[in-house]
Amino acid sequence: MGAHHGPAKGLGRWLFTTNHKDIGTMYLWFSFAMFILGGAFAMIIRAELFQPGMQLVEPGFFNQMTTMHGLVMVFGAIMPAFVGLANWMIPMMIGAPDMALPRMNNWSFWILPPAFLILASTLLMEGGAPGFGWTFYAPLSTTYAPPSVTVFIFSIHVLGLSSIMGSINIIATVMNMRAPGMTYMKMPLFVWTWLITAFLLVAVMPVLAGCVTMMLMDIHFGTSFFSAAGGGDPVLFQHVFWFFGHPEVYIIILPAFGVVSQIIPAFSRKPLFGYDSMVYATASIAFLSFIVWAHHMYTVGMPVAGELYFMYATMLIAVPTGVKVFNWVSTMWRGAMSFETPMLFSLGFLVLFTIGGFTGLMLSIAPSDFQYHDSYFVVAHFHYVMVAGAVFSMTAAVYYWLPKWCGKMYNETMGKTHFWISFIGFNLTFFPQHFVGLAGMPRRIPDYALQFADFNMMSSVGAFIYGSSQILFLYNVIATIVSGKPTSEEKTWDGAEGLEWTVPTPAPYHTFETPPAVR
Amino acid sequence: MLGMKVNPVAATVGKLAVAAVCMFAFVFVVMVPLYNVLCDALGINGKTNSEAYRSVEAAVDESREITIQFIATNNEGMPWDFGPSVSAMKVNPGAVNDTVFLAHNPLTKAMVAQAIPSVSPSRAAEYFHKTECFCFNRQPLDGESSAEMPLQFIVDTDLPRDIRTITLSYTIFDVTDMAGGPVAAR
């Protein structure tokens, strides 16, 4: 097997590696690069919206920015970041030597950068990049789309393939490679949430592929899936898209739940409260995600019975989600808490994600959604769950496991500073968007009515603060890797539990070549 | 490890790959047809019957009159003058009614159009039966010429009594360049 060698030298190490830690590292760096790229698009959006009127960019380019920002952040930053984390942590958490399919693992990463390279290249094409929003509703994305839409479809196919391969690998690893004694109900919650996420991905990424395939056929092969003239229906697009899109929301947030379920117990120095109910709540959320999709499209003209069904089914999701929030809070109850950077980001997640959950409940109410629909209120809502939910928890994960990964300690003061700047910047950006949204400001517009000027200026200032705090994060991580204080403690955090804390620090290139004993 | 048993990892991967392929197929063979069937069956989106209705013998309900309003819309870029010959008519449920829509092609080239109907309130769609409609087929029209497009319909006697007005809206699409595609059957 040749398992007892270290990493190869040079570029070949990264191109041909089948090591889960190398691949995890590449996923994480790639996703951070995409985070910066998507963030740059967001900065252009906020710069244009700093004042009413048109200052910096053409409206068409503005639309390309909102579209590319959404696509790059969802598919390029958040999803690969969690896949990278899964690659690094799942084998170490279940006592496996590597992922079940190391060569496919290499492929699932390496097809990702080309997919985003061609997606980004649409910005330079004639007619510009896709400008129809990240949800690419037909007929905007078919009849009225720029020529680059074909390239966009291809890149969605490739990144979907990458996601499917990655998730098959994760399921195969978790189901077959657990150390003896590691029963399903002993698995760390991060592994559980990723197992369920991977099943969601296998189920719905092909639906997205089908959706863009139908677009491709409508555009180039004369079919009329989404064209009323040929007997199709544009509303069908929205059903197919959201049948993928709603589970996608949980694909993004479930691993985040897993991360904070590891971190909060560690810094509360108590075991996770209600482990079993956490597992069942995760599974319930995953199941419900398949039967609520049309709450994204209350205004398309559904029958009242349909509106009511989707409204009640959506509200039902608040129950398992509430169980989770209750369990996290109960974990902290009377715990010996300390507030290092990973814990701060987890607590930030907990507070802000709950706010995002509540605005989600408001949006689930069909009659009020008619007012909120496509307003900045929706933008505020999903940034509370995507950024303060997924990105905060991802940041917490990096601070939490970075010492284990590289054997060096990050600068705690800088980490805490990063948290507070992020927290303030984030809220300054997105909290006022609730107000302008309720007052009637539509999303995806480059200009707005004068009464929204003050709140938009606050939003833009907040966005610049939040954006620049990520530079501090990048600096802190690089400084840690290059010149951080070396640590060889197996357990960086005294309250941390799990197999990953039993291996030496920094984690050797190969771990658990013989399975550990699990009590 | 090299025994005759099936490698458990390969078995898991095989099942998952099949599941992924099935989900891709599910979009085309289940979701799309199911959507169309549901819309037809429930009259969602105000979709009306897409093929000629075979009239069944039914007594004409003389006790009430339903106002049928006609609306015509040109889809973007469609240059025809297109509209109903009468904007509204009063009909009895169960009776067979005739009207025509008027179309004029102002361009010099021959064109093909497809009209897509929609009924409002959508609840009424399943009670609005077309026995003959220009919307069942594509309508070719030579340049600078006009045509009368016939419509024959029956309002079902089972129409809920609270519905007193039904609006039938047609959007006309230019499908000259869509040759070879499936015929819209609405």
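Restricting to the range A:234-257, what's the tally of residues that are within 13 Å of chain B (Cβ to nearest Cβ) and either within 9 Å of the chain's Cα centre (by Cα) or among the hydrophobic types (A, V, I, L, M, F, W, C) (or both)? The total comes to 8.
Has the range B:67-75 got any residue that is modelled with pLDDT under 90 and surrounded by 14 or more Cβ atoms within 10 Å (Cβ to Cβ)? Yes.
Restricting attention to the range A:155-171, does a residue exist that is of a type outside the set (Phe, Trp, Tyr) and over 19 Å from A:Glu248 (Cα atoms)? Looking through the range A:155-171, none of the residues is of a type outside the set (Phe, Trp, Tyr) and over 19 Å from A:Glu248 (Cα atoms). Once the range A:317-345 is narrowed to residues that are loosely packed, with under 14 Cβ neighbours inside 10 Å and of a type in the set (A, V, I, L, M), the residue that is farthest from the other protein chains (Cβ to nearest Cβ) is A:Ala336. Scanning the range A:354-370 for residues that are under 11 Å from A:Met315 (Cβ atoms) and β-branched (Val, Ile, Thr) yields a single hit, A:Ile365.
Does the range A:65-74 contain any residue that is more than 15 Å from the chain's Cα centre (by Cα) and of a type in the set (A, V, I, L, M, F, W, C)? Can you show your working first?
First pass over the range A:65-74, keeping only residues more than 15 Å from the chain's Cα centre (by Cα): A:65-68.
Narrowing the set further to residues that are of a type in the set (A, V, I, L, M, F, W, C) leaves A:65, A:68.
Yes - at least one qualifying residue is present in the range A:65-74.
For the range A:288-304, enumerate the residues that are part of a helix (DSSP H, G or I), within 12 Å of chain B (Cβ to nearest Cβ), among the aliphatic types (A, V, I, L, M) and buried (at least 16 other Cβ atoms within 10 Å of the Cβ).
If we filter the range A:288-304 for residues that are part of a helix (DSSP H, G or I), which is where we start, we get A:288-291, A:293-296, A:298-300, A:304.
Going one step further and asking which of them are within 12 Å of chain B (Cβ to nearest Cβ), we end up with A:290, A:293-294, A:300, A:304.
Checking which are among the aliphatic types (A, V, I, L, M) leaves us with A:294, A:300, A:304.
A:Ala294 - this is the single residue of the range A:288-304 that is part of a helix (DSSP H, G or I), within 12 Å of chain B (Cβ to nearest Cβ), among the aliphatic types (A, V, I, L, M) and buried (at least 16 other Cβ atoms within 10 Å of the Cβ).
For the range A:101-113, filtering for residues that are surrounded by 24 or more Cβ atoms within 10 Å (Cβ to Cβ) and more than 10 Å from A:Gly166 (Cα to Cα) leaves 1.
Does B:Asp177 count as among the charged types (D, E, K, R), within 11 Å of chain A (Cβ to nearest Cβ) and part of a loop (DSSP other than H, G, I, E, B)? Steps first, please.
On the way: among the charged types (D, E, K, R): yes; within 11 Å of chain A (Cβ to nearest Cβ): yes; part of a loop (DSSP other than H, G, I, E, B): yes.
Spelling it out, B:Asp177 is indeed among the charged types (D, E, K, R), within 11 Å of chain A (Cβ to nearest Cβ) and part of a loop (DSSP other than H, G, I, E, B).
A:Pro59 meets all of the listed conditions (1) in contact (Cβ under 8 Å) with a residue 60 or more places away in the chain; (2) in contact with a helix residue (DSSP H, G or I) (Cβ under 8 Å, 6 or more places away or on another chain) but one, namely (2).
For every residue, the table says whether it meets (1) within 19 Å of the chain's Cα centre (by Cα); (2) within 23 Å of A:Ala281 (Cα to Cα); (3) not in a loop (DSSP other than H, G, I, E, B).
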| position | (1), (2), (3) |
| --- | --- |
| A:Gly306 | no, no, yes |
| A:Val319 | no, yes, yes |
| A:Thr331 | no, yes, yes |
| A:Met337 | no, no, no |
| A:Phe345 | yes, yes, yes |
| A:Phe349 | yes, yes, yes |
| A:Ile355 | yes, yes, yes |
| A:Gly360 | yes, yes, yes |
| A:Leu363 | no, yes, yes |
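Note on the range B:72-144: enclosed strands (runs of 3 or more DSSP E) holding 3 or more residues that are of a type in the set (A, V, I, L, M) and in the same structural domain as B:Ile154 (by TED's automatic domain parsing) are B:88-91, B:96-105, B:111-120.
Within the range A:211-233, being surrounded by fewer than 23 Cβ atoms within 10 Å (Cβ to Cβ), assigned to a helix (DSSP H, G or I) and within 7 Å of another protein chain (Cβ to nearest Cβ) holds for A:Ala228, A:Gly230. Inside the range B:104-132, residues that are more than 14 Å from chain A (Cβ to nearest Cβ), touching a strand residue (DSSP E or B) at 6+ places or on another chain (Cβ under 8 Å) and not polar (S, T, N, Q) make up a count of 8.
The values are calculated or read from the model by the stated rules, or taken from the named source; none is laboratory data. This structure is a prediction, so every number in the text was calculated from the model and none was measured. Here the Cβ is made from the backbone with ideal geometry for all residues, glycine too, and neighbour counts use every protein chain on show.
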